[in-house]
Amino acid sequence: MAENWTAIAAEVAASLADAGHTGTLVRATFTGPEWDQQPGPDERTPVKLLGDSIALGLLTGTAIQAGDRRELMAAEGVTPTPADRIEIDGVGYAIIRAEPYAPGGVPLFFDLILRR
């Protein structure tokens, strides 16, 4: 029997909303013709997050630094990239890494490493 990964992703998002907190994904936008792009207003999208610890094993030989923050983000409508930022309680964080967890080809959540 095939899994309904879209339904499972919705369950994961609901669980993150119940146990986690909210944040805002901030994405830069640009206006104007392709050859003369100008910064536009930031696109702000509310997201569901759940904070997690960073295992010491992840620190060895990686670019993860002391003070970095790990958050799990619900896979609902927006895919985070390192070009975006996350705001949590008014504090802005750069996205250092954004990896989808998608065992059936449908993202269930994104594993983020954030840095102030």
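The values are calculated or read from the model by the stated rules, or taken from the named source; none is laboratory data. Here the structure is a predicted model, which is why all the values come from computation and not from measurement. Please note: Cβ atoms are built from the backbone with ideal geometry, for glycine as well, and neighbour counts cover all protein chains shown.
Could you check segment 1-24 and list, in sequence order, the residues that are outside any helix (DSSP H, G or I), of a type in the set (S, T, N, Q) and more than 17 Å from Ile88 (Cβ to Cβ)?
Of the residues in segment 1-24, the ones outside any helix (DSSP H, G or I) are 1-4, 20-24.
Those left that are additionally of a type in the set (S, T, N, Q): 4, 22, 24.
Scanning segment 1-24 gives a single hit, Asn4.
Restrict the check to segment 94-107 and report whether at least one residue is crowded, with 20+ Cβ neighbours inside 10 Å and not aliphatic (A, V, I, L, M). The answer is no, given that none of the residues of segment 94-107 is crowded, with 20+ Cβ neighbours inside 10 Å and not aliphatic (A, V, I, L, M).
Put simply, of Pro41, Pro46 the only residue that is part of a loop (DSSP other than H, G, I, E, B), of a type outside the set (A, V, I, L, M, F, W, C), over 19 Å from Tyr101 (Cβ atoms) and modelled with pLDDT of 95 or more is Pro41. Checked against the criterion of being among the charged types (D, E, K, R), in contact with a Gly (Cβ under 6 Å, 6 or more places away or on another chain) and more than 19 Å from Gly92 (Cβ to Cβ), segment 32-52 contains not a single residue that satisfies it.
Pairs under 7 Å by beta carbon, first residue touching a residue at least 40 places away in the same chain (Cβ under 8 Å) in segment 92-116, partner among the aromatic types (Phe, Trp, Tyr) and crowded, with 19+ Cβ neighbours inside 10 Å, six or more apart or different chains? Note: pairs meeting the criteria are Leu114/Tyr93; Arg115/Tyr93; Arg116/Tyr93. Those strands (runs of 3 or more DSSP E) of segment 62-111 in which 3 or more residues are under 20 Å from Val12 (Cα atoms) occupy 69-74, 91-101. The set of residues in segment 1-28 that are modelled with pLDDT under 95 and over 19 Å from Phe110 (Cα atoms) comprises Met1, Ala2, Glu3. Among residues of segment 7-30 that are over 25 Å from Pro41 (Cα atoms) and touching a residue at least 60 places away in the same chain (Cβ under 8 Å), those with a Cβ under 9 angstrom from a residue that is exposed (fewer than 15 other Cβ atoms within 10 Å of the Cβ) and of a type in the set (Phe, Trp, Tyr), sequence gap 6+ or separate chain, pair up as Val12/Tyr101. Scanning segment 35-43 for any residue that is surrounded by 11 or more Cβ atoms within 10 Å (Cβ to Cβ), free of Cβ contacts under 8 Å to residues at least 60 places away in the same chain and either of a type in the set (D, E, K, R) or closer than 27 Å to Asp68 by Cβ (or both) turns up at least one such residue. Regarding segment 44-57, can at least one residue be identified that is of a type in the set (A, V, I, L, M, F, W, C), more than 26 Å from Glu3 (Cα to Cα), surrounded by 13 or more Cβ atoms within 10 Å (Cβ to Cβ) and touching a residue at least 40 places away in the same chain (Cβ under 8 Å)? Yes, some residue in segment 44-57 is of a type in the set (A, V, I, L, M, F, W, C), more than 26 Å from Glu3 (Cα to Cα), surrounded by 13 or more Cβ atoms within 10 Å (Cβ to Cβ) and touching a residue at least 40 places away in the same chain (Cβ under 8 Å).
Residues in segment 60-88 that are at pLDDT 95 or above and more than 25 Å from Thr6 (Cβ to Cβ) were compared, and the one that is surrounded by the fewest Cβ atoms within 10 Å (Cβ to Cβ) is Ala83.
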